[in-house]
Each structure stands twice: as structure tokens, then as C-alpha cells.
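Visitor: I am attaching a structure below and will ask some questions about it afterwards.
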Protein chains: 2
Amino acid sequence: MASAYRRKRKHDDSLIHVDLNGVMQDMIGGEAGVSVAELEAIQPRLVDAVGHLADERKQGLRPFLDLPYEKAALEETLALADELRRDLDWFVMLAIGGSALGARAIATALAPGGGHGGPGHVGLIVADNIDPQRFVALLDGLDLRRTIFNVISKSGETAETMAQFLIVRERLLRELGAVDYAKHLLVTTEAESGSLRQIVNDEGFSSTNFPASVGGRFSVLSSVHLLPAALLDVDVTALLAGAQAMDERCKSSDLGRNPAAMLAAAHYLLDTLHGISIAVMMPYSDLLSTFAEWWCELWAESLGKRLERDGSVVAIGQTPVRAVGATDQHSQIQLYVDGPADKVVSFLRVADHGARVEVPRSYPDIGDVAYLGGLPLGELLNAEQRATELALQKHGRPTITIELPAVTPFALGQLFYLMEVTTILAAELYGVDPYNQPGIEEGKRLTFGLAGKPGFEEQKSEVEAWLQRKKPALVL
Amino acid sequence: MASAYRRKRKHDDSLIHVDLNGVMQDMIGGEAGVSVAELEAIQPRLVDAVGHLADERKQGLRPFLDLPYEKAALEETLALADELRRDLDWFVMLAIGGSALGARAIATALAPGGGHGGPGHVGLIVADNIDPQRFVALLDGLDLRRTIFNVISKSGETAETMAQFLIVRERLLRELGAVDYAKHLLVTTEAESGSLRQIVNDEGFSSTNFPASVGGRFSVLSSVHLLPAALLDVDVTALLAGAQAMDERCKSSDLGRNPAAMLAAAHYLLDTLHGISIAVMMPYSDLLSTFAEWWCELWAESLGKRLERDGSVVAIGQTPVRAVGATDQHSQIQLYVDGPADKVVSFLRVADHGARVEVPRSYPDIGDVAYLGGLPLGELLNAEQRATELALQKHGRPTITIELPAVTPFALGQLFYLMEVTTILAAELYGVDPYNQPGIEEGKRLTFGLAGKPGFEEQKSEVEAWLQRKKPALVL
């Protein structure tokens, strides 16, 4: 009996928990809080959304939700990692957006030493921009003979990644010669189509498949990100087990036990009924700072949409903002407390920060430091989180607190999965499609025009005409 | 004549310019744009604000605006840098908020290699958080004999910085011994008062003065940040010269020539008349990514205020958001284009990115890559900026474009100064005090309570009572 209890406790202790007290009107008062009645009224729609997602999944429409269960793919990825690891100092991802952020989030959280490659341990670099100075410095600083470049573009037409690829390919060819250079390229793209696949076939580069029907921002639990994670010795099996554990919880139509459903409802009600148009993700942990960036993409691209409703256009979507505690207490909290009541702050609170370091009792007679003596640094960090949570609530600002037992693969897997399902359920409440991104097409076409891509001459003319319309007097 | 013209051109070419076309109604249409009438109506208040600031400055009330002219302080800083540089691999700043962000912004922009310390070149690390795992890893990775820790706290009571200081002090004492350890500490705090000054006096540590009457977020052009900049071989004289050049322009009551005044007016009108409550700073340059973070603090803490007006409370302040181009086109632009019309995007556009690298013409027959052949990477980046600017404007979303000839000390000095004056003038329009931060006091007191500081027992009880009020059913 006692041991079963302990086992249950142990299991519970490894789960993450979502504390929604701070969104409720009776807790924070004022106009920003959600009422019990509002929460009850939304429940039928929530139950429908959970059921709808389950149906779509049964029909095979949401393969990214089944990624945690793909054992064969996982074993393939682990085997590839073992093979690549030999003679490898640096694994450089040429990728942008969702293809870059997942791996970056995993590495920051679970392999914080992963920024240093060298004999015996692989370093990961995610080159997710085309700033020429930074990109050239990156290439200059690497021993190319001990580096693999992983070119990742689902469609094979991502301008930034393709430009990086062409530059890297030429450099490898020049420095390592025509026989060896190809060994340092690994291409990840669609299996059947696209220009990058064509190049792989023509040149005989090594390649892996970007999983079919999985969009970039929902790809974090796929081989695209698990491969670099495995190279950094992250326990990817535990990461996937965490996702599975969260999957079990997020399937529940008993909403009081479904953290994704309740989290989606909280955001939706805060936004649509209480003017909370900004969602801040504020980990009190450096290790989770990049996770917050991953989430910012997921939330912005999935929910930031334009809807036609009853003949008029409605613009949807909370603006996600990343903050990091305690640092941003000295940068953003003044605004969050005293500024407009237009944001909900979601804290990520870590119970056990791992390293234990105590503040020494060096100056017992100096009041501004004496109280710190004997305090573990992690406790100080967590005290600041609690203090900030309460300070915001006292000012009528809603908060959410997601509690992690520790920054482990199992916890991070839960967190990724929780946020993916939350986003999809929120999309269902808003009535938007979380999987498309029509708003970026115009910018792409205009870039093609300016870059001189054939077929986009009209866009080039359009930009030139627009630049002519600018009034010099308004350029100061 | 010709040479005078060239000289003038050369001078002009080194100035940064603010393009406000994208905020005007006749350019972007819709409801978000500012009308010419609105801009005209605000002019008298703007002229007053510029005059008021000049008056305050004459009275000696705004010393941070005169920092660019402090020759003696500059020479002292340069001499100290020369002295410290000997036998120094790593300069570690223990600082948070404005005391950290200025140096970080300068280092990212002007010393992008500054993350690597070693014989012959100093590396800078800014430790601006108390995550135990990261802080311990930092200390473990340093050769303490070749490291100086710069402890920076204006008041001497910043909990995070003081905790770091005590941990570092003990570690130095333990590893280097009582004779040598103090040489590795340099304290920056107020000249006359505070606990840290008392400790300096008692222990005989080296110290510099945090300049009097200069707040953390307005300190970037002071020795606090110029010392680490000088250690990284940044041309700080040129940085200050840039600030001086901008100062000349921002003093003008001819508003058509005053970029700070017009920029402040644009933000204020967009926010108060057009619902633009979010201000995105989006450099198309990795080098300026940390500058955007510095600006986020400046904008949030200075303007995010609570006002009592006619007996009711008004909450003021745009929420600043950092994005980086082109990367965040694949993360945030979907939301910015199709989501709510509640943001203005300020681009930082760099004419010359320094390193020149051309995309090779490797696959002339493959349409998705052929057009990239021959294109310099910096031109692709700038084409994406223009395309995004136009795409946003076509959707009725206001934009501002700040153009830098290059990321140089002279340009960055202008940019810092421009943003400081813009912020102060905007504060005057909003009617708020840009220099205080009353909203963070409550959180500080609650942290003191939780950390057991004597005198804050009531706060501790308050937190405990509040935690009791949380409903377990809302923790999922």
C-alpha cells in the first residue's frame, strides 16, 4: 500500500502542472479576470474541440500528434546519430523558423553545454539568419573537415536556407575538394518533391525526409529536431515519453483533467472577453528561454489569422512576447504592472533547478545582503517568480503558472506537446486554421521580385513605384 | 566647391535616418495610419516638449544627455581599460537590467567576436540572471586568475547582483586566496552611499562610480558600459561622437529636422488615436538584435506607467517587442500581417552589412535557386526587409524604417541617443515620468518577504495567505 502510494507520488511528481488560479476574476478582481460562468459557458465548445481533434487524428489528418509513438523512426534517427557522431565536432543546421526553433529549444534546455563542439562531444549551431557578417564569421571559425551541415527546408524553396546552402556547398567544394565535400552535407527535405530533393537526387547527397504532412512549427518531435538532440546526447526517448504522458491527459473530455483544453479556454476567454491581446511567456529559467521563442512562433503563426465573418474581416490572434525571469523584472515588469491591462503573463516555474549553490553568509551585519546568506540561488529565483506573480495579480493582471518538477527531457516533452494541443484547441475556439500561413505569401512574392526571380517582374515594379511614393520630407 | 560638397555628402552618409512614410494614412490607408492633420495638431506640444527638455538640461537635471561630452570621464575609462587589459581573458559583468543591456548591445553590434576571451583579446560575459545551473557552469568554465568580475549595482541592493557577488567573492577567496582574490573584483556603485559602497570601503576593493543622477536604463553612454566596450576594442570615442551628432539634430525646434520629436509623435499618435498598443523593433541584422532588447527596456520602463487623471486611473504604455529579420518572417510576420492591427513595426535597415558574400550560381537550371545566384547575401536580407515593409503597409499596418549606413560605432551612438530622446519626448506627450519605476516596488517587497529579509514578515504572510487561496481544482 505504502509503496503503491510512493509509486503514484513519484509518477505525479514528474508531471508538469498548469495553475490557472491567476486568470480568475475572484482571484485578481478587476475587469481582466475570467468568471466561473464564462468558463462554464465555454465547456460544450471545448468538449467539441477535443472530440473533433480526436476524430481528425483517427482519420490520419494530424500525424504530428502521433510523432511521439513512432518507434521505427526514432531508432533510425538514433542509428543515424551514432553514425554521424564519429569524427564530428560541429553539427550546423541551416534552417529557419520552425525547422530551427525546436532544436534550439531542446539544446538550450537539455544540453546547455552544446554550444561547444570538440573531440568527444558534438556542438550544435543553428544558423537561422542570413546576416552576412555573422554567417561569414561562422564559416571562418569552423574546421570544415569536422563539421556536417544539415540543410533543412521542407519545400526546398526557402530563400534564406537555399542561399546558405549554396554558399556552404561552394565553400566545402573549394576547401575539401570534389571527392570529400559531399560527406559534409546532409539534406532534410520532402521525400518526393521540391527543388532540394531534385538536387539531392542529382548530386547524391545524404538526406533524410522531412516528415510528410507535418508543418515546420509542429515538427519539434520529429527526426528534424530529434537528430540534433540525439547528437547532443539528449535522452530523446524520455522526451517522447513526456509527450506521450501529456497526450494521455490532453485527450480527456473531462475538462478538469485536461490541461490543454483549460489553457486554451483561458487564453481565448481572456482575449475575446477581457481585452487581453498579449500573451507573455516568462520562464524563470535560462534553460527555457529558447522554449519561449519556439512557443512564440507556434502561437503567432497558428492563431494570427484573418477571418471573413458575416461579410466583414476580423483579425484574430494574441501577440506572443518572450520575457525571462528574473532578468526582465528589471526591464518589462514596470510596464506589465502599471501599463495597460492587456496581457496575461505565463510563468514557467522550475521546482528543482539542478545545480545547488548557496549564497554565502559573508556580511551578516549589512542588511541589504545579510538576508541572502544561506539562501540557495534557485530558491531566490523562485521567490522572485512568486513575488512577481502575486504583484501582477494584486494589480488585476492575469497570470498563468506552469510548474515543472525540473528541466528534464520528460518535462520538456510534456511542455512541447501541451503547447501544441493548446494551440490547436484555441484555433478551434477562434475558428481559424492553425496549419496555414497565408499572410507571408505577399512578402515572399515581393522578395522574389526584388531578387529578380523570373515571373515576379510585376512585384519588382510594384516595389519601385511604392518607393517613389515615399515623401522625402518624411525621411528625417 | 566640389570638395566641400563631397565633404558634406560624406558627413551625411554617416548619419542615420528615420523614414516615417509608413505611419501615414495616405500611404497605408485604413484606420491605423496617422493623418497630416493629426501630425500638425501635435506640433505645438512637441515644440514645447523639446523646449522643456532643453530647459531641464540647462538646469543640470538631465546629466545623462551630456554623457557624450564628458571628456575627462572618457579618458579615465580608457586609461582604466588599458590597465585592466593586462593579463585579462574574461571580463564578467554581474549586472541586471539597464546596467547589463547597454554593454550587451554594444558588444553584439560592434565586437561580435567578443564572446571569446583569450590571450591578446578580452572576452565579455554579461551574467544578467541567477539561474543556478547556468551561473555555476559559467564559473566552472573560467580561469579565475585571468578573469575580472565587475559587480554593478547603482543602489547596492539589487538582490540578484548581490547574490552573484557573494557567491563569486567566496569562490575567488577559496581558489585564489586572501591575498590575491580582491584583484579580481571591480565594483561599480554610487559614490557616496549604499551597502555596496560600504563593502568597497571596508574591503578595499577597486571601484568606479555609477554616475550620479543617471538611471540604469539611461546609462549606456556612461563609463558603466564604455569600460567593457573599450576592453573589447570598440571605438568608444566614435560612439560618443555619434551621440553628439544626434544630439545636435534632436535639439531642433524645427520639427521637420528633428528625428526624435517626429518619432515620438508618430508612436504617441499611433497609440492614442489608432489603437497601436504594440511597438515591434525589428532589426534586419543579427548585430542589432541586442540593441532591440536594450530598447525594449527603455520603452517599457520609461513609458509603462499608471496615471491618475480627473480622479480615475489611466494605464499608459506601448508594449515593446523584439523581432529579428529575416528570421522572424518565419515566426511572427503571419501575425503581424493578418492579425490585429495593433502594432507598428520599426525596421532597422543596414545599407552596408560589411562582409560581402555572394550566393554562387551553382544550379542555373533550377528555378527555386537560380535567381539567388550572384546576389550578395546582404542584398537578399535588405530585399526581404523592403518586401516585408511593403507587405505590412499594403495590409494597413504602420511601419517605421530607421536606416543605418552601416553598423559602426558612430551609427550606434546616434541610435542610442535618438531612442533616449525619443522616449523622453514621448513621455512628455503622454504626461508620464520616464525616470521612475514605482511598479516594481511591490514585487521587490514580496521577494524580500519570501527571502526572509527582516522587516518584511508581513509580506511573507501575505504570500502564504494568497497561496492558500489558490483552488487545487484549478491546478491541472
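Visitor: Would you mind putting B:461-468, B:71-78, A:131-138 in packing order, based on average other-beta-carbon counts within 10 Å, highest first? It would help to have the intermediate numbers written out before the result.
Guide: Numbers: B:461-468: 12.8, B:71-78: 14.6, A:131-138: 20.6.
Top to bottom by mean Cβ count within 10 Å: A:131-138, B:71-78, B:461-468.
Visitor: In deg cm²/dmol, rounded to 500, what helix-only [θ] at 222 nm does chain A give when every DSSP H run of at least 4 residues adds -39500 (n - 2.57) and the total is split over its residues? Intermediate results must be reported in sequence, preceding the final value.
Guide: Details: 18 runs with 236 residues, N = 476.
Rounded to the nearest 500, it is -15500 deg cm²/dmol.
Visitor: Also, I was wondering about something else. Using a 10 Å cut-off on Cβ to Cβ distances, tally the other chain neighbours for every residue of B:92-101 and report the average as a whole number. Mind dumping the intermediate values first?
Guide: Working: counts 0, 0, 0, 1, 6, 7, 2, 1, 3, 3.
Taking all residues of B:92-101 together, the mean is 2.
Visitor: What's the exposure ranking of B:His353, A:His116, going from fewest to most Cβ atoms within 10 Å? Don't skip to the end; give the middle numbers.
Guide: Values: B:His353 26, A:His116 12.
The most exposed by this proxy come first: A:His116, B:His353.
Visitor: With both bridge residues required to lie in the protein assembly as shown, what share of the DSSP beta bridges run antiparallel, to the nearest 5%? Let's see the in-between values first.
Guide: Numbers: 22 of 94 bridges.
DSSP beta bridges in the protein assembly as shown are roughly 25 percent antiparallel.
Visitor: Relative contact order of the range A:64-234, please, whole-number percent, based on alpha carbon pairs below 8 angstrom and at least 6 residues apart.
Guide: Numbers: 274 pairs, mean separation 54.0, N = 171.
Answer for the range A:64-234 is 32 percent.
Visitor: Please state the relative contact order of chain A as a whole percent: Cα pairs under 8 Å, 6+ residues apart? Don't skip to the answer; put the middle values down first.
Guide: On the way: 792 pairs, mean separation 100.4, N = 476.
Computed value for chain A: 21 percent relative contact order.
Visitor: For B:Lys58, which inter-copy label distances result when the label point lies 7 Å beyond Cα on the Cα-to-Cβ vector, reported in nm to one decimal and in ascending order?
Guide: 8.0
Visitor: Related question: When the gyration tensor of the range A:64-234 is built from Cα positions, what are the square roots of 5 times its three eigenvalues, in whole Å, from largest to smallest? Walk me through the numbers before you get to the answer.
Guide: Details: eigenvalues 97, 74, 49 Å².
That gives 22, 19, 16 Å for the three semi-axes.
Visitor: Between A:Lys470 and the same site in the other copies, what are the distances in nm, shortest first, taking label points 7 Å from Cα along the C-beta direction?
Guide: 5.0
Visitor: Further question on the same structure: Counting only residues 5 or more places away or on other chains, whose amide H sits under 5 Å from the amide H of A:Ala351 once H atoms are built in the peptide plane?
Guide: Those qualifying (amide H under 5 Å, at least 5 residues apart or on another chain) are A:Leu404, A:Ala406.
Visitor: Could you tell me how far the Cα centroid of the range B:326-379 sits from the Cα centroid of the range A:374-443, in Å?
Guide: After rounding, the separation between the Cα centres reads 30 Å.
Visitor: Can I ask one more? Between copies, how far does the label point of B:Ala37 sit from its twins, in nm, shortest first, when each point is 7 Å from Cα along Cα→Cβ?
Guide: Distances to the matching label points in the other copies: 4.2 nm.
Visitor: Any chance you could give the angle, 0 to 90 degrees and rounded to 10, that helix B:2-13 forms with the longest Cα principal axis of chain B?
Guide: The answer is roughly 60 degrees.
Visitor: Among the lysines, select those whose C-alpha is under 25 Å from the C-alpha of B:Lys343, and discard any that sit fewer than 8 residues away in the same chain.
Guide: A:Lys305, A:Lys343, A:Lys444, A:Lys470, A:Lys471, B:Lys305, B:Lys394
Visitor: With θ set to phi - 60° and the Karplus curve 6.51 cos²θ - 1.76 cosθ + 1.60, what are the ³J(HN,Hα) couplings of the range B:456-464 in order, to the nearest whole Hz, using x for Gly and Pro?
Guide: 10, 5, 4, 5, 4, 4, 4, 4, 5
Visitor: While we're here: Taking θ = phi - 60°, what integer Hz values does the Karplus form 6.51 cos²θ - 1.76 cosθ + 1.60 yield along the range A:261-267, in sequence order, with x for Gly and Pro?
Guide: With coefficients 6.51, -1.76 and 1.60, one gets 5, 6, 5, 4, 4, 4, 4 Hz.
Visitor: With θ taken as phi - 60° and the coefficients 6.51, -1.76 and 1.60, list the Karplus ³J(HN,Hα) couplings across the range B:91-107 in order, rounded to whole Hz; mark glycine and proline as x.
Guide: These are the phi-based 3J(HN,Hα) values: 10, 10, 8, 9, 6, 8, x, x, 6, 9, 5, x, 4, 4, 5, 5, 5 Hz.
Visitor: In peptide B:315-325, how many Cβ atoms from other protein chains are near each Cβ within 10 Å, on average?
Guide: Working: counts 8, 4, 7, 3, 12, 4, 6, 2, 2, 3, 3.
Partner-chain Cβ atoms within 10 Å, mean over residues of B:315-325: 5.
Visitor: Other chains near B:297-307: what is the mean number of their Cβ atoms within 10 Å of each residue's Cβ? Walk me through the numbers on the way to the answer.
Guide: Numbers: counts 7, 1, 3, 9, 8, 2, 3, 9, 5, 6, 1.
Going residue by residue through B:297-307 and averaging, the value is 5.
Visitor: Moving on. Would you mind counting up the charge near B:Ala54? Only other residues with Cβ under 13 Å from its Cβ, with Lys and Arg at +1 and Asp and Glu at -1.
Guide: On the way: positive: B:Arg57, B:Lys58, B:Arg62, B:Lys251; negative: B:Asp48, B:Asp55, B:Glu56, B:Asp66, B:Asp247, B:Glu248, B:Glu428.
After counting each charged neighbour, the total is -3.
Visitor: Next question, about the same structure. Find, among the residues of chain A, the one whose Cβ sits nearest the axis of the rotation taking A to B; state the distance in whole Å.
Guide: Per the A/B rotation axis, the closest residue of A reads A:Val321, 3.
Visitor: Here's something else I'd like to know. Among bridges DSSP assigns within the range B:238-371, what percent are antiparallel (round to 5)?
Guide: Working: 5 of 15 bridges.
For the range B:238-371, the DSSP antiparallel bridge percentage is about 35.
Visitor: Net charge around B:Ser206, counting only other residues with Cβ within less than 15 Å of its Cβ (Lys, Arg = +1; Asp, Glu = -1)? Kindly include the intermediate steps, with their values, before the conclusion.
Guide: On the way: positive: B:Arg85, B:Arg86, B:Arg169, B:Lys183, B:Arg197; negative: B:Glu76, B:Asp82, B:Glu83, B:Asp87, B:Asp180, B:Asp202, B:Glu203.
Cβ neighbours under 15 Å give a net charge of -2.
Visitor: How much of the DSSP bridge set in chain A is antiparallel, in percent, rounded to the nearest 5? Spell out each step's value before the answer.
Guide: Working: 10 of 46 bridges.
For chain A, the DSSP antiparallel bridge percentage is about 20.
Visitor: When a/c is below 1.5 the answer is rounded, else prolate if a/b is larger than b/c, else oblate, so apply that to the protein assembly as shown with a ≥ b ≥ c taken from the square roots of the Cα gyration tensor eigenvalues.
Guide: Judged from the Cα gyration tensor, the protein assembly as shown comes out rounded (a/c under 1.5).
Every number here is computed from the coordinates shown, using simple stated rules; none is lab data. The model shown is predicted, which means the values in this text are computed figures rather than measured ones. Note that each Cβ is placed from the backbone with ideal geometry, even for glycine, and that neighbours are counted across all protein chains shown.
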